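Okay, so here's the structure we're looking at.
The values are calculated or read from the model by the stated rules, or taken from the named source; none is laboratory data. This is a predicted model, so every value here is computed, not measured. Note that we place each Cβ from the backbone using ideal geometry, even for glycine, and neighbour counts take in every protein chain shown.
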């Protein structure tokens, strides 16, 4: 664990340094594995943990503490957030976003990347663009939308909002799926299972790099592979036996994002939507299974 002030503060380092808030979460663990594998592409990601740092290069700080005296940085990546359905707990998503802005301002960051969610949209049968109707059907989606709106007038660095679909290796399918095991999936009227906007950790790292380094990166970006990915294809790629079940009323078959805006900034190839490639990429992190 590094001392909070022990990070080198040269001009060159300031241009490459990125502080990562919420580094111990599922997405944080996956991304740290990608960066350790040499895919940071010239940036220095410094993870910040609330508890004892899990990495030697990590720092310890909690949002309720005073802002730390740390060297300047180019950007801040805010991975932290609260899930679940408790409204009081979910309110922390707004508080954490504002705290990330304050942290970013204290380190002289040009921008702060905030993780929102596809849950801010009302699911439709077609891919959802950034201008689609914002009518979240869940408390979690409503909390993320409240976070986005709070950031519109927040002081500090430029907020860049990532409406992320599903990070492969970090969401419920991968939490319940093991190679060679079995998995329960919902089967809909067309005989197919759910389709979601998945993104492999390596591709998410590429997106983050582009949103940090591109001068024109501003506003809101849908984040996912170019095409939706069927859960059954992921299960089959992981050699899992599928047990089909009737979906509960109201469960959407498709939650797929239109990522045209993102593709203009960070073009992800066809392989990003390939279930076999996604499974291989997640396995390569050694975080899953």
Query raised in the report: In this structure, is residue 62 more than 18 Å from residue 156 (Cβ to Cβ) and assigned to a loop (DSSP other than H, G, I, E, B)?
Result: yes
Query - Test for residue 101: is it in a helix (DSSP H, G or I), under 15 Å from residue 160 (Cα atoms) and more than 19 Å from the chain's Cα centre (by Cα) - result: no
Query raised in the report: So which of 162, 134 ends up being surrounded by fewer than 21 Cβ atoms within 10 Å (Cβ to Cβ) and under 24 Å from residue 266 (Cβ atoms)?
Result: 134
Query raised in the report: In the stretch 50-70, which residue that is touching a helix residue (DSSP H, G or I) at 6+ places or on another chain (Cβ under 7 Å) and under 18 Å from residue 112 (Cβ atoms) is surrounded by the most Cβ atoms within 10 Å (Cβ to Cβ)?
Result: 63
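State yes or no: is residue 193 modelled with pLDDT of 95 or more and surrounded by fewer than 17 Cβ atoms within 10 Å (Cβ to Cβ)?
Working: modelled with pLDDT of 95 or more: yes; surrounded by fewer than 17 Cβ atoms within 10 Å (Cβ to Cβ): no.
So residue 193 does not fit the description; no.
Can you find a residue that is farther than 23 Å from residue 33 by Cα, under 18 Å from the mean Cα position of the chain (by Cα), in contact (Cβ under 8 Å) with a residue 12 or more places away in the chain and buried (at least 18 other Cβ atoms within 10 Å of the Cβ) anywhere in the stretch 232-255? Steps first, answer last, please.
Step one: of the stretch 232-255, the residues farther than 23 Å from residue 33 by Cα are 232-233, 236, 239-255.
Going one step further and asking which of them are under 18 Å from the mean Cα position of the chain (by Cα), we end up with 255.
When the remaining residues are screened for being in contact (Cβ under 8 Å) with a residue 12 or more places away in the chain, the result is 255.
Filter once more, keeping what is buried (at least 18 other Cβ atoms within 10 Å of the Cβ): 255.
Yes, the conditions are met somewhere in the stretch 232-255.
For the stretch 276-286, indicate whether the set of residues that are in contact with a strand residue (DSSP E or B) (Cβ under 9 Å, 6 or more places away or on another chain) and either outside any loop (DSSP other than H, G, I, E, B) or farther than 28 Å from residue 20 by Cβ (or both) is non-empty.
Quick first cut of the stretch 276-286, residues in contact with a strand residue (DSSP E or B) (Cβ under 9 Å, 6 or more places away or on another chain) only: 278.
Narrowing further to those that are either outside any loop (DSSP other than H, G, I, E, B) or farther than 28 Å from residue 20 by Cβ (or both): 278.
Looking through the stretch 276-286, at least one residue is in contact with a strand residue (DSSP E or B) (Cβ under 9 Å, 6 or more places away or on another chain) and either outside any loop (DSSP other than H, G, I, E, B) or farther than 28 Å from residue 20 by Cβ (or both).
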Report task. Kindly indicate whether any position in the stretch 262-269 is touching a residue at least 60 places away in the same chain (Cβ under 8 Å) and in a helix (DSSP H, G or I). Result -> no
Query - Per-region count, the stretch 20-49, residues in contact with a helix residue (DSSP H, G or I) (Cβ under 7 Å, 6 or more places away or on another chain), buried (at least 21 other Cβ atoms within 10 Å of the Cβ) and either at pLDDT below 95 or assigned to a strand (DSSP E or B) (or both) - result: 4
Requested in this report: May I ask you to list the residues in the stretch 205-227 that are surrounded by fewer than 20 Cβ atoms within 10 Å (Cβ to Cβ) and out of contact with any helix residue (DSSP H, G or I) (no Cβ under 6 Å at 6 or more places or on another chain)?
Outcome: 206, 209, 210, 213, 214, 215, 216, 218, 219, 220
**Report entry** Breaking point among (1) surrounded by 20 or more Cβ atoms within 10 Å (Cβ to Cβ); (2) over 22 Å from residue 254 (Cβ atoms), for residue 146
**Finding:** (1)
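Does the stretch 155-185 hold any residues that are more than 16 Å from residue 81 (Cβ to Cβ) and in a loop (DSSP other than H, G, I, E, B), and which are they?
Across the stretch 155-185, the qualifying residues are 155, 156, 157, 168, 169, 177, 178, 179, 180, 181.
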**Report entry** Among (1) within 21 Å of the chain's Cα centre (by Cα); (2) assigned to a loop (DSSP other than H, G, I, E, B); (3) modelled with pLDDT of 95 or more - the single one residue 70 does not satisfy
**Finding:** (1)
